[in-house]
Amino acid sequence: MAATTQQYVYPDQDEIRIEAVLAALADPVRLDMVRQLAEAGTEISCSGFDVAVTKSTLTHHLRTLREAGIIMGRQQGTARYNSLRRNDLDELFPGLLQGVLAARR
């Protein structure tokens with residue numbers, strides 16, 4: 001069953017599917033967002049991503065990444081924070097995230 005944190009829904013680790021992960025990472029904007037999370041090594045607020053998209057498009061990309069199981073989100077006051085589910089992804093798909101992040105830009 002999917003887990004929730006306030007309004008965020010994301011799959012439990014055993015529900016993450018490689019097809020959804022790869023489809024989400026295929027978009028250049030989402031891949032850049034995942035790279036930013038990996039490089040930061042910590043949470044990034046929704047407004048903290050350096051991407052050239054509108055707020056509504058950013059929301060769409062964040063939802064896609066959450067639903068694929070790549071990130072988790074949490075609310076703190078009026079701010080929303082996102083974190084990479086690196087441990088879950090590394091356990092399910094060893095080397096995948098490392099390879100994707102190391103790929104040429």
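The values are calculated or read from the model by the stated rules, or taken from the named source; none is laboratory data. No experiment lies behind these values; they were computed from the predicted model shown. Backbone-built Cβ (ideal geometry, glycine too); neighbour counts: all protein chains shown. For accessibility, only protein heavy atoms count, side chains too; no ligands or nucleic acids. Shrake-Rupley method; radii C 1.70, N 1.55, O 1.52, S 1.80 Å.
Listing for the model above:
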{"read-out": "Ser83 accessible area, assembled protein chains, probe 1.4 Å, Å²", "value": "30"}
{"read-out": "Calculated [θ] (222 nm, deg cm²/dmol) that DSSP helices of n ≥ 4 give over the chain, each run adding -39,500 (n - 2.57)", "value": "-13500 deg cm²/dmol"}
{"read-out": "C-alpha center-to-center spacing [the stretch 18-66, the stretch 79-105] in angstrom", "value": "11"}
{"read-out": "Sequence of Met72, Met33 from largest to smallest accessible area, 1.4 Å probe", "value": "Met72, Met33"}
{"read-out": "Arg74 versus Asn87: modelled label distance in nm, points set 7 Å from Cα along the beta carbon direction", "value": "1.2"}
{"read-out": "Spacing of the two label points (7 Å from each Cα toward its C-beta) at Asp12 and Ser56, in nm", "value": "3.6"}
{"read-out": "Protein accessible area in the chain, 1.4 Å probe - carbon and sulfur %", "value": "51"}
{"read-out": "For the stretch 36-52, 3J(HN,Hα) per residue [Karplus equation, 6.51 cos²θ - 1.76 cosθ + 1.60, θ = phi - 60°, Hz, x = Gly/Pro]", "value": "4, 5, 5, 5, 5, x, 8, 5, 10, 5, 4, 7, x, 6, 9, 9, 8"}
{"read-out": "The stretch 89-97 - phi-based ³J(HN,Hα) in whole Hz, Karplus 6.51/-1.76/1.60, Gly and Pro as x", "value": "5, 5, 6, 6, 10, x, x, 4, 5"}
{"read-out": "Solvent exposure of the chain as accessible area per residue, Å², 1.4 Å probe", "value": "58"}
